[in-house]
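Notes to accompany the following structure.
The values are calculated or read from the model by the stated rules, or taken from the named source; none is laboratory data. Every value quoted in this text rests on a predicted model; they were computed, and no experiment measured them. With ideal geometry, Cβ positions are generated from the backbone for all residues, glycine too; neighbour counts draw on all protein chains shown. Remember, those area values only see protein heavy atoms, side chains included, never the ligands or the DNA or RNA. Shrake-Rupley method; radii C 1.70, N 1.55, O 1.52, S 1.80 Å.
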Amino acid sequence: MARRATDTASPWYETSRRYQALVDKLVLRTTRDPREVAEVIAHAATTEYPRLRYLVGSDAKARARAKTFLPWRLVEAGVKRYLSTMMNRAVPS
């Protein structure tokens, strides 16, 4: 976070506070169960031919598919739109 984002005198303080609240909410909602992550790590550590990357959860897999098949500007626009919608719905001004 930017150094002055938490400065109440900053003109960006309120916007920064709202975005931080949104990010906190999204992290809580999308955080995986540590046991699920541990199972994937154990599998990667014990398999004969481990892959370079392991994705845990349907959200991570969906993002990976989107990045593979869609032009980057569409992925970026989708994320921007999603965050904008979430800001308008989830975090009161």
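Couple of notes before you dig in:
- Only one of the listed residues (ALA44, ALA38, ALA77) is free of Cβ contacts under 8 Å to residues at least 24 places away in the same chain and touching a Lys or Arg at 6+ places or on another chain (Cβ under 9 Å). That residue is ALA44.
- Check on VAL56, touching a residue at least 12 places away in the same chain (Cβ under 8 Å) and either closer than 25 Å to THR85 by Cβ or touching a helix residue (DSSP H, G or I) at 6+ places or on another chain (Cβ under 6 Å) (or both): yes
- Within the stretch 38-60, tally of residues that are of a type in the set (A, V, I, L, M), farther than 26 Å from GLY78 by Cβ and exposed (fewer than 10 other Cβ atoms within 10 Å of the Cβ): 1
- Hey, SER16 open to solvent by 50 Å² or more (accessible area, probe 1.4 Å), hydroxyl-bearing (Ser, Thr, Tyr) and under 18 Å from the mean Cα position of the chain (by Cα) or not: no
- Number of positions in the stretch 1-13 that are farther than 21 Å from ASN88 by Cα, of a type in the set (Ser, Thr, Tyr) and open to solvent by less than 80 Å² (accessible area, probe 1.4 Å): 1
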